[in-house]
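Report on one structure; see the data block that follows.
Laboratory data are not the source of any read-out in this text; all were calculated from the coordinates shown. Note that this is a predicted model, so its numbers are computed, not measured. Note: ideal-geometry Cβ built from the backbone for every residue, glycine included; neighbour counts use all protein chains shown.
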Amino acid sequence: MADGKCTKRYPRPLVAETVTGNDGYPVYRRRSKEDNGRTIKVKVQNQEIEIGNEFIVPYCPLLSRIFETHANVESCHSAKSIKYLCKYVTKGSDMTVFGIASENVNDEISNFQMGRYVSTNEALWRLLSFQIHERYPTVVHLAVHLENGQRVYFTEANAAQPAERPPSMR
């Protein structure tokens with residue numbers, strides 16, 4: 001909570017169909033009470049409050065059944081999500097800074113050394129000169145938006161031509 005509002009954008013809007021919002025994130029279908037949506041009455045601090053679908057976290061019933069727990073499922077399709085994944089995949093090992101000092105010698109200059117922890121698995125992988133990461137298949141930038149911003153949808157029938165000759169190469 002910040003300034004009396006939820007930082008996770010709750011309560012979410014009640015909409016009849018899933019649509020893409022102005023910010024590029026999906027606005028998932030959440031049925032209102034008038035649209036056969038469900039509500040539940042909960043007692044909070046000696047008050048009965050009616051809670052509807054606008055407060056429910058998106059989930060996948062199949063994953064919830066398989067893992068026997070709640071699984072928050074939302075679409076992540078922005079460049080920020082790719083940046084987030086790459087940040088953690090390529091961040092490297094944990095590191096620490098430490099110093100070595102003698103109790104008997106009163107030295108004004110301390111020698112510091114940068115050290116990092118490498119697990120046995122990573123050490124063996126590096127000793128045997130295996131690749132740490134790879135990109136397969138090769139990443140190719142495809143232009144997916146027309147100049148004036150219309151969305152482009154690819155099907156099996158029309159995907160080959162734009163991939164072979166993107167608009168920037170014409």
_Filter on 41/87; 41/83; 8/91; 8/83 - keep pairs with C-alpha separation over 32 Å_ = 41/87; 41/83
*Starting from the amide H of residue 15, placed 1.01 Å from N in the peptide plane, find each other amide H under 5 Å away whose residue is 5 or more places distant or on another chain.*
30
*Whose amide H sits under 5 Å from the amide H of residue 60, counting only residues 5 or more places off or on another chain, with H placed in the peptide plane?*
71, 73
_Nitroxide proxy distance, nm - points 7 Å out along Cα→Cβ at residue 132 and residue 82_ = 2.2 nm
*Can you tell me the order of 36-48, 15-27 when each peptide is scored by its average per-residue count of other Cβ atoms within 10 angstrom, highest first?*
15-27, 36-48
